[in-house]
Amino acid sequence: MKRPAEASGPGPAAVCRAPTWTPTRDLPPDVTLPCPRAVNARCAQKGVEMASDAEDRAMRWAIALASRSIGATSPNPVVGCVILDAAGQSVGEGFHAYAGGPHAEIRALAEAGVRAKGGTAVVTLEPCNHTGRTGPCTQALIAAGVARVVVAVPDPNPTAAGGAATLRAAGVEVELGVREAEAAAGNRAWLVSTRRAAAGDPRPYVIWKLAATLDGRSAAADGSSQWITSPAARSDVHILRSSCDAIMAGVGTVLADDPQLTVRDPATGVSATRQPLRVVVDSAGRTPADARVRDGAARTWVATTADVGAGPDGRVDLAALCAELFNRGHRRVLLEGGPRLSGAFLAAGLVDEVVAYVAPKLLGAGPTAVLDAGVTSIDDAIGLELTDVTRIGPDLRITAVPISTPKGE
Ligand SMILES: NC(=O)c1ccc[n+]([C@@H]2O[C@H](COP(=O)([O-])OP(=O)(O)OC[C@H]3O[C@@H](n4cnc5c(N)ncnc54)[C@H](OP(=O)(O)O)[C@@H]3O)[C@@H](O)[C@H]2O)c1
């Protein structure tokens, strides 16, 4: 399989560059060592653990492997694993492709076979310590005779955590936190929703996607809105959809636009094999029987007050809706509007990320992308931190996350 350009595989590791952590008088930074294990041996003597260059390269590759199944593993995280033999050579790799399927470590160990003995497992998430639909990866690593495990992100899931402690108790050297931020980025939705659930607030990570003109309009004065953004931006939305477990819209959007809410190639109309759940938030069940969201292209849930209960305004209780989506295994949900439902989600503090496609157009009149988000004063504005700005064709894609510090600080 072709490797992504941004992350090369671990490759040969017969020699490695000395890392810069160590005092240069002990180990000059340009020294070439015969084997990465030698670096680790020196680290161990000093009571310091760190990844060798080969392990670091392997971690980059494991992160790339994990990214292949973003959008396909819920309620599980994405995980990638590379096994290095005792000489630091890559002898096995794997990723977790779908919930219920083999974990990344199991696939990588299967490829490595006996060559895993005395080697290192490099894995993007702390190996699980429990028996779910598959057995604990810690026991598989111990049984394979792995000497060292290098982990990017500790597992926040209380039922699966404790893998590092189990491995250490069995005499396996464990290092945590290698390229943690990079690995966590690919699992952001899973990590946020899992930590929240552990704190008693189970709900998915919600991404609100909007398309607007430079003056914030989502349609012209006559109601026409197709298309505000370019074909390139609309293609990008389908990639975003494919990374999510569910796509949500209010019944107002369904009645106005009759969207299909599927993942497809907008140029050819060809649908993706794996489709997220379609969710229509529709208090009284007004979604027409012949609406495109009810076609056979994907599963659909028309979520009514009868299903999840009503909020104080008599409409669908959005917190209860989110809790139900979490219970059904959805961790990453794309909210595609429209303005009323998006405003209600923002007002309820249920949006974790905003992805705005902004077209360099001005309309001067027409509906805005969001209505009534519970903000009446500039002091109450929902503050966002930009995390990415990318030009997509003629448009901008702006990604931002709500600033969680209390207002006024
Ligand atoms: N530019 C964009 O990014 C974008 C994206 C999507 C849509 N749009 C445009 O938005 C327009 C439709 O706007 P809209 O605001 O009517 O549609 P909407 O936000 O999709 O749907 C609003 C409806 O959702 C239902 N709903 C159920 N529970 C709710 C709750 N707790 N809070 C709020 N709403 C709840 C309500 O109907 P019930 O009370 O009957 O349940 C409400 O009228 C269309 O013209 C479409 O083109 C633009």
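Please determine whether any residue of the range 320-330 is part of a loop (DSSP other than H, G, I, E, B), within 16 Å of the ligand (Cβ to nearest atom) and in the same structural domain as Ile207 (by TED's automatic domain parsing).
Initially, the range 320-330 is screened for residues part of a loop (DSSP other than H, G, I, E, B), giving 328-330.
When the remaining residues are screened for being within 16 Å of the ligand (Cβ to nearest atom), the result is none.
No, the range 320-330 has no match at all.
This table checks each residue for (1) within 16 Å of the ligand (Cβ to nearest atom); (2) polar (S, T, N, Q); (3) within 25 Å of the chain's Cα centre (by Cα).
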position: Ser243; (1), (2), (3): no, yes, yes
position: Ala246; (1), (2), (3): yes, no, yes
position: Thr253; (1), (2), (3): yes, yes, no
position: Ala256; (1), (2), (3): yes, no, no
position: Val263; (1), (2), (3): no, no, yes
position: Ala267; (1), (2), (3): no, no, no
position: Leu277; (1), (2), (3): no, no, yes
position: Val280; (1), (2), (3): yes, no, yes
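Of the numbered conditions (1) out of contact with any Lys or Arg (no Cβ under 9 Å at 6 or more places or on another chain); (2) over 13 Å from Val178 (Cβ atoms); (3) among the small types (Gly, Ala, Ser); (4) at pLDDT 95 or above, Ala86 fails exactly one; give the number of that condition.
Of (1) out of contact with any Lys or Arg (no Cβ under 9 Å at 6 or more places or on another chain); (2) over 13 Å from Val178 (Cβ atoms); (3) among the small types (Gly, Ala, Ser); (4) at pLDDT 95 or above, only one is false for Ala86: (1).
Taking the options Asp372, Asp395, name whichever one is within 16 Å of the ligand (Cβ to nearest atom), closer than 19 Å to Ala212 by Cα and surrounded by fewer than 20 Cβ atoms within 10 Å (Cβ to Cβ).
Asp372
Name the residue that is farthest from the ligand (Cβ to nearest atom), counting only residues in the range 305-318 that are within 28 Å of the chain's Cα centre (by Cα) and surrounded by 17 or more Cβ atoms within 10 Å (Cβ to Cβ). Before you say what the answer is, go through the steps one by one.
In the first step, residues of the range 305-318 are kept if they are within 28 Å of the chain's Cα centre (by Cα); the result is 307-308, 316-318.
Subset that is surrounded by 17 or more Cβ atoms within 10 Å (Cβ to Cβ): 308, 316-318.
Working: Val308: 10, Val316: 4, Asp317: 7, Leu318: 5 Å.
Within the range 305-318, the match that is farthest from the ligand (Cβ to nearest atom) is Val308.
Just give me the residues in the range 252-285 being β-branched (Val, Ile, Thr) and touching a residue at least 40 places away in the same chain (Cβ under 8 Å), in sequence order.
Thr253, Val279, Val281
Of the residues Gly223, Gly200, which is surrounded by fewer than 17 Cβ atoms within 10 Å (Cβ to Cβ) and closer than 30 Å to Pro367 by Cβ?
Working: Gly200 fails: closer than 30 Å to Pro367 by Cβ.
On inspection, the qualifying residue turns out to be Gly223.
Here is a list: Asp290, Asp236. Which entry is in the same structural domain as Gly337 (by TED's automatic domain parsing), within 30 Å of Val308 (Cα to Cα) and charged (D, E, K, R)? Step through it out loud before you land on a result.
On the way: Asp236 fails: within 30 Å of Val308 (Cα to Cα).
Asp290 is the lone residue from the list that is in the same structural domain as Gly337 (by TED's automatic domain parsing), within 30 Å of Val308 (Cα to Cα) and charged (D, E, K, R).
List the number of the failed condition for Gly343; all other conditions in (1) within 10 Å of the ligand (Cβ to nearest atom); (2) in a loop (DSSP other than H, G, I, E, B) hold.
(2)
Quick one: Cys128 ticks every box in (1) over 23 Å from Ser74 (Cβ atoms); (2) assigned to a loop (DSSP other than H, G, I, E, B) bar one, so which box is it?
For Cys128, the exception is condition (1).
Between a first residue in the range 221-247 that is among the hydrophobic types (A, V, I, L, M, F, W, C) and a second residue that is more than 10 Å from the ligand (Cβ to nearest atom) and modelled with pLDDT under 95, which pairs have beta carbons less than 8 Å apart while being 6 or more apart in sequence or on different chains?
Once the first residue is among the hydrophobic types (A, V, I, L, M, F, W, C) and sits in the range 221-247, its partners that are more than 10 Å from the ligand (Cβ to nearest atom) and modelled with pLDDT under 95 give Cys244/Gly71.
Being over 20 Å from Ala289 (Cα atoms) and either of a type in the set (S, T, N, Q) or surrounded by 22 or more Cβ atoms within 10 Å (Cβ to Cβ) (or both) is the filter here, so list the residues in the range 242-270 that pass it.
Ser242, Ser243, Cys244, Asp245, Ala246, Val263, Thr268
From Ala212, Ala183, Ala256, grab the single residue that is closer than 24 Å to Ala373 by Cα and at pLDDT 95 or above.
One residue alone meets the criteria, Ala212.
Inside the range 201-223, can you point out the residues that are in a strand (DSSP E or B) and not aromatic (Phe, Trp, Tyr)?
Passing the criteria: Val206, Ile207, Lys209, Leu210, Ala211, Ala212, Thr213, Arg217.
Within the range 107-121, identify whether any single residue is in a loop (DSSP other than H, G, I, E, B), at pLDDT 95 or above, touching a helix residue (DSSP H, G or I) at 6+ places or on another chain (Cβ under 9 Å) and more than 28 Å from Val333 (Cβ to Cβ), and answer yes or no.
Yes.
Being part of a loop (DSSP other than H, G, I, E, B) and either buried (at least 22 other Cβ atoms within 10 Å of the Cβ) or charged (D, E, K, R) (or both): is that true of Cys81 here?
No, not satisfied.
Got a sec? Which of Asp372, Asp295 is modelled with pLDDT under 95 and over 23 Å from Thr399 (Cβ atoms)?
Asp372
Is it the case, given these coordinates, that Ser224 is within 13 Å of the ligand (Cβ to nearest atom), out of contact with any His (no Cβ under 9 Å at 6 or more places or on another chain), within 23 Å of Met248 (Cβ to Cβ) and not charged (D, E, K, R)?
Answer is no for this residue.
When Val358 is evaluated against the numbered criteria (1) β-branched (Val, Ile, Thr); (2) under 18 Å from the mean Cα position of the chain (by Cα); (3) within 16 Å of the ligand (Cβ to nearest atom), which criterion, by number, is the only one it fails?
Tallying (1) β-branched (Val, Ile, Thr); (2) under 18 Å from the mean Cα position of the chain (by Cα); (3) within 16 Å of the ligand (Cβ to nearest atom), Val358 fails exactly one: (2).
Could you please tell me which pairs satisfy a Cβ distance under 9 Å, a separation of 6+ or placement on different chains, a first residue in the range 302-326 that is within 20 Å of Cys244 (Cβ to Cβ) and in contact (Cβ under 8 Å) with a residue 40 or more places away in the chain, and a second residue that is away from the ligand (no atom under 11 Å from the Cβ) and among the polar types (S, T, N, Q)?
Phe326/Ser193
When the range 229-241 is examined, which residues are found to be β-branched (Val, Ile, Thr) and surrounded by fewer than 19 Cβ atoms within 10 Å (Cβ to Cβ)?
Selection gives Ile239 alone.
The values are calculated or read from the model by the stated rules, or taken from the named source; none is laboratory data. All values derive from a computational prediction rather than experimental measurement. Virtual Cβ from ideal backbone geometry, glycine too; neighbours counted across all protein chains shown.
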